1. Restricting to strands (runs of 3 or more DSSP E) lying wholly in the stretch 150-211: which have 1 or more residues that are more than 25 Å from residue 6 (Cβ to Cβ) and modelled with pLDDT of 95 or more?
2. Conditions first: (1) exposed (fewer than 14 other Cβ atoms within 10 Å of the Cβ); (2) in contact with a Pro (Cβ under 9 Å, 6 or more places away or on another chain). Residue 100 passes all but one, so which condition is the exception?
3. Is it the case, given these coordinates, that residue 141 is near the ligand (Cβ under 10 Å from one of its atoms) and surrounded by 15 or more Cβ atoms within 10 Å (Cβ to Cβ)?
4. State whether the residues of the stretch 38-48 include one that is in contact with a Ser or Thr (Cβ under 7 Å, 6 or more places away or on another chain) and within 12 Å of the ligand (Cβ to nearest atom).
5. Look through 52, 91, 14 and report the one residue that is touching a residue at least 60 places away in the same chain (Cβ under 8 Å) and within 14 Å of the ligand (Cβ to nearest atom).
6. Take the residues in the stretch 117-138 that are surrounded by 23 or more Cβ atoms within 10 Å (Cβ to Cβ) and within 16 Å of the ligand (Cβ to nearest atom); name whichever of them is nearest to residue 2 (Cα to Cα).
7. Could you list, in sequence order, all residues of the stretch 55-75 that are in contact with a helix residue (DSSP H, G or I) (Cβ under 7 Å, 6 or more places away or on another chain), of a type in the set (A, V, I, L, M), within 22 Å of residue 124 (Cβ to Cβ) and more than 9 Å from the ligand (Cβ to nearest atom)?
Amino acid sequence: MTQFRKPTGLIGKFLAKGMAWGHRDFYKNTAKMLNLKHDDKYLEIGFGSGLFIKKYASHVSRIAGLDYSEDMVKLASNINKNIVRSGKAEFIHGDISSLPWQNDKFSIVVCIETFFFWSEPLVALKEIYRVLIPGGRLVIEMAYNKDDGLDHTKHIEKMKLNLYSANEMKEILKEAGFKSIVIDYYKGVRIPFKGYVVPRGMVVKATKKTD
Ligand SMILES: C[S@@+](CC[C@H](N)C(=O)[O-])C[C@H]1O[C@@H](n2cnc3c(N)ncnc32)[C@H](O)[C@@H]1O
C-alpha cells in the first residue's frame, strides 16, 4: 500500500504505469476541468509515471513536474524524454511542502490522486498559491473523499490517507488565499482489479486572486 503513496524501485515503476491505466477515468474527469490553453505554464505535483503529462503536453507551452519519489522522476523523464530534451519540460525531485520555483511562475497546477497523501495540506496549498500567477488555476482530483459514501477506514489506516469533504476543501483553500472555488463530482468510475466503483470522485478547482 505504501507503493501508492511513494512508488519506488522496479515494483513502483510497474505500479505507476498500471496506475496510469487504472486512473484513466480519473484523468478524463480531471482533464474536463483544466481548460488548457496553448500559453499555459503547467505544473503537476505527484505526477507518478508522467503519462498524464505525456497525453496533454501538446496543449500547453511549458511543463514542470515535482514528485518526492526519485524513481518517478526518472520514469516520467524517460516517458517524456522528447519534451525534456527539447527544453519544454522538467521533472524535479522534491516535496510539495517547499517548491523550488520563484513566485508567480505557473498558470495552472494539477494534482491527481496525491493531495490526500500530503501531511501538511495548508503549507502545500500556500506553496502552490505562491508559484501560481495571479488568476492562475489549481485543479485537485481525489477519487476517495469524505463525500463519496464509502467506508475508507481500511485505506486510511493502510495508506495513511487524509480524506476531505467539499466543505473542508473550501475552507482550507480559502485559508491559503484561493477564490472562485468550484467542487465537481464524477460518478460510477470502476477501480480495476478492486471490484468496486468510485461512487463520487471529487475534482476541485480554485483560482489565485488577481489583486
Ligand atoms: C497515487 S500516486 C498518483 C500518480 C499520478 N498522479 C497518477 O494519478 O497516475 C501519488 C504520487 O504522488 C507523489 N507524492 C505523494 N506525496 C507527495 C509529496 N508530499 N510531495 C511530492 N509528491 C508526492 C508520489 O510519489 C506518487 O508519485
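1. 179-186, 201-207
2. Evaluating residue 100 over (1) exposed (fewer than 14 other Cβ atoms within 10 Å of the Cβ); (2) in contact with a Pro (Cβ under 9 Å, 6 or more places away or on another chain) leaves (2) as the failure.
3. yes
4. Yes, because at least one residue in the stretch 38-48 is in contact with a Ser or Thr (Cβ under 7 Å, 6 or more places away or on another chain) and within 12 Å of the ligand (Cβ to nearest atom).
5. Of 52, 91, 14, the one residue that is touching a residue at least 60 places away in the same chain (Cβ under 8 Å) and within 14 Å of the ligand (Cβ to nearest atom) is 52.
6. Here the answer is 125.
7. Answer for the stretch 55-75, where residues must be in contact with a helix residue (DSSP H, G or I) (Cβ under 7 Å, 6 or more places away or on another chain), of a type in the set (A, V, I, L, M), within 22 Å of residue 124 (Cβ to Cβ) and more than 9 Å from the ligand (Cβ to nearest atom): just 63.
The values are calculated or read from the model by the stated rules, or taken from the named source; none is laboratory data. What you see is a predicted model; the values in this text were computed from it and never measured. Reconstructed Cβ throughout: ideal geometry from the backbone, glycine too, with neighbour counts over all protein chains shown.
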